[in-house]
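The values are calculated or read from the model by the stated rules, or taken from the named source; none is laboratory data. Bear in mind that the values here come from a model prediction, so they are computed numbers and not experimental data. Glycine also receives a Cβ, built like all others from the backbone with ideal geometry; neighbour counts cover every protein chain displayed. These area figures cover heavy atoms from the full protein model, side chains too; ligands, DNA and RNA do not enter into them. Shrake-Rupley method; radii C 1.70, N 1.55, O 1.52, S 1.80 Å.
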Amino acid sequence: MSERKRFFRLLSVLVVLSSVLLVMVCSMLVTGTKTRYIKREQDEVRAYYTGLYFAENGDGSPVALENNVGYVDFQIMNYIDDDVTKRDITYDITTVSTFYDGSGNVIADPSSSSVTDLHVKDVWNAPVKVGRDSYKYNVSITKNDGETRTESVNGVNKELYLFSYEERDESAVGKIHNVTVKLERKPDAGAMSGSTESVSLVIQLNKPYKQVYIVDIIVSNRLIVFGSKQVKEFDMDFTKVNAQTFDIFSHYLNGTSYAERVNAALTKFSSRAFKVVFEWDNMIINENDFKYFHNNPNSILAGTPDAEGLDLSRPYLVSITQTADSGTLTIYVPQSSDFEFGCLITDTNAYLKAMVYIWDNATGQYVVYDQVGWGGYTDNSTLGLAEIIK
């Protein structure tokens, strides 16, 4: 009997100890899970609170480089959808003077033929690739409607652009900065070897932490340039097509005075608008976008008179024909044009190309704007063809 009592006492002690041990293990597991959750939540809050966002960020935008100067416009925001950054953000866009290779070593001479790629460093000192021709350009902000604040940058007080945090109920005030950046080709950069160069703008954050954002630009010395970029509208991926022209077609700045521009056959350039015929497939063009810049918006989709040979002050739509996902559009594009239109790509085989025609004073008619004769386009061996999306 005593043996039996002793057995039950030992069994009771074992059950109690097992219960205590089980409670301790469960407590440790709960504490561990809670700790991991808090850390993850802090990481998410940090990313949420320090965001900088772009609408129309300039990526893929064309810049017509006239007299070694070009401009690009874009927007910077401190919010995306309903998420607003809840910290002050200060930033600047300036000329980058130091470049690195892919391993993070300083490149002494970016113009050397042995250098294949250029990089800048991010907040983690990791190399971030930029356009190969970035070193050839001075960059400066010519317009920014945002706030400013003076802060110390590398020991020097400097006026930076500011997104100040303003609390509103349980969120914060969303703000947009409309920015115009000037790109000026350096005098010692030499002549452009081709018709385009790849340049990156580096947006440098000073607060809440050091960071860089890269905006890639295509710079061209053609009188008319095209580009495309991806944007989000109504939670859908859209493509924006850009077109930009020189301010003056017929003359260029030669020192301190203007000289007449001539082609390979020594024919003088005209001030008349370009004639551009867009053709596309597997995409839908937003026809309503043309109402905002056309000379005659009331009849834009109902057909317009032929503008052959006219001097125009604004882009002039001659015709647009669009089926389900293909079509053509003819438009006259004058000097000082800068416009864009949206399109929705419906298939991976989508393309958008443009046949570009320039007014020839010698013949009194439009001719193809080719690369050899006029410094224009000859994509895919087709004279006057510009492949925008392919």
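Looking at Cys343 and the list (1) assigned to a loop (DSSP other than H, G, I, E, B); (2) at pLDDT below 95, which single condition is not satisfied?
(1)
Could you please find all residues in segment 59-78 being open to solvent by 60 Å² or more (accessible area, probe 1.4 Å) and over 12 Å from the mean Cα position of the chain (by Cα)?
Asn68, Tyr71
Yes or no, residue by residue, for (1) open to solvent by less than 50 Å² (accessible area, probe 1.4 Å); (2) touching a residue at least 40 places away in the same chain (Cβ under 8 Å); (3) outside any loop (DSSP other than H, G, I, E, B):
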{"site": "Thr330", "(1), (2), (3)": "yes, yes, yes"}
{"site": "Asp347", "(1), (2), (3)": "no, yes, no"}
{"site": "Lys353", "(1), (2), (3)": "no, yes, yes"}
{"site": "Trp359", "(1), (2), (3)": "yes, yes, yes"}
{"site": "Gly376", "(1), (2), (3)": "yes, yes, no"}
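Taking segment 234-266 only, how many residues are in contact with a Gly (Cβ under 8 Å, 6 or more places away or on another chain) and either more than 30 Å from Met283 (Cα to Cα) or modelled with pLDDT of 95 or more (or both)?
Selection size over segment 234-266: 3.
Filter segment 233-256 for residues that are hydroxyl-bearing (Ser, Thr, Tyr), more than 15 Å from Glu66 (Cβ to Cβ) and open to solvent by less than 80 Å² (accessible area, probe 1.4 Å) and give the result.
Within segment 233-256, just Thr239 meets the criteria.
Being open to solvent by less than 10 Å² (accessible area, probe 1.4 Å) and not in a loop (DSSP other than H, G, I, E, B), is that true of even one residue in segment 182-194?
So far as segment 182-194 goes, yes, one or more of its residues are open to solvent by less than 10 Å² (accessible area, probe 1.4 Å) and not in a loop (DSSP other than H, G, I, E, B).
Do you know which of the residues in segment 79-102 that are under 30 Å from Lys232 (Cα atoms) and among the charged types (D, E, K, R) is most open to solvent (accessible area, probe 1.4 Å)?
Out of the qualifying residues, it is Asp82.
Does Asp247 qualify as being in contact (Cβ under 8 Å) with a residue 40 or more places away in the chain, among the acidic types (Asp, Glu) and outside any loop (DSSP other than H, G, I, E, B)?
Against the criterion (in contact (Cβ under 8 Å) with a residue 40 or more places away in the chain, among the acidic types (Asp, Glu) and outside any loop (DSSP other than H, G, I, E, B)), Asp247 does not qualify.
Within segment 302-322, restricting attention to residues that are part of a loop (DSSP other than H, G, I, E, B), of a type outside the set (Lys, Arg) and within 30 Å of the chain's Cα centre (by Cα), which residue is modelled with the lowest pLDDT?
Leu312
Would you check which residues across segment 78-96 are of a type in the set (Ser, Thr, Tyr), in a loop (DSSP other than H, G, I, E, B) and over 19 Å from Asp216 (Cβ atoms) and list them?
Thr85
Among Lys291, Lys229, which is the only one that is basic (Lys, Arg), under 23 Å from the mean Cα position of the chain (by Cα), assigned by TED's automatic domain parsing to the domain that holds Val356 and at pLDDT below 90?
Checking each option against the conditions leaves just Lys229.
Kindly indicate whether any position in segment 161-177 is closer than 25 Å to Val120 by Cα, open to solvent by 80 Å² or more (accessible area, probe 1.4 Å) and charged (D, E, K, R).
Checking segment 161-177: not a single residue is closer than 25 Å to Val120 by Cα, open to solvent by 80 Å² or more (accessible area, probe 1.4 Å) and charged (D, E, K, R).
Could you identify the single residue in Leu223, Leu266, Leu205, Leu253 that is at positive phi and out of contact with any helix residue (DSSP H, G or I) (no Cβ under 8 Å at 6 or more places or on another chain)?
Answer to the check: Leu266.
Within segment 217-236, work out how many residues are without any contact (Cβ under 8 Å) to a residue 60 or more places away in the chain and in a strand (DSSP E or B).
1
Output the residue which, of all residues in segment 201-232 that are under 26 Å from Val277 (Cβ atoms) and not aliphatic (A, V, I, L, M), is surrounded by the fewest Cβ atoms within 10 Å (Cβ to Cβ).
Checked segment 201-232; the qualifying residue surrounded by the fewest Cβ atoms within 10 Å (Cβ to Cβ) is Gln230.
Out of segment 103-159, which residues are part of a strand (DSSP E or B), over 21 Å from Gln211 (Cβ atoms) and open to solvent by 50 Å² or more (accessible area, probe 1.4 Å)?
Scanning segment 103-159 gives Asn138, Thr142, Lys143.
Here is a yes/no grid of residues against (1) at pLDDT below 90; (2) in the same structural domain as Ser198 (by TED's automatic domain parsing); (3) farther than 25 Å from Asn67 by Cβ; (4) of a type in the set (Phe, Trp, Tyr):
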site: Ile107; (1), (2), (3), (4): no, yes, yes, no
site: Val120; (1), (2), (3), (4): no, yes, yes, no
site: Asn125; (1), (2), (3), (4): yes, yes, yes, no
site: Ser140; (1), (2), (3), (4): no, yes, no, no
site: Thr150; (1), (2), (3), (4): no, yes, yes, no
site: Glu167; (1), (2), (3), (4): yes, yes, yes, no
site: Lys182; (1), (2), (3), (4): no, yes, no, no
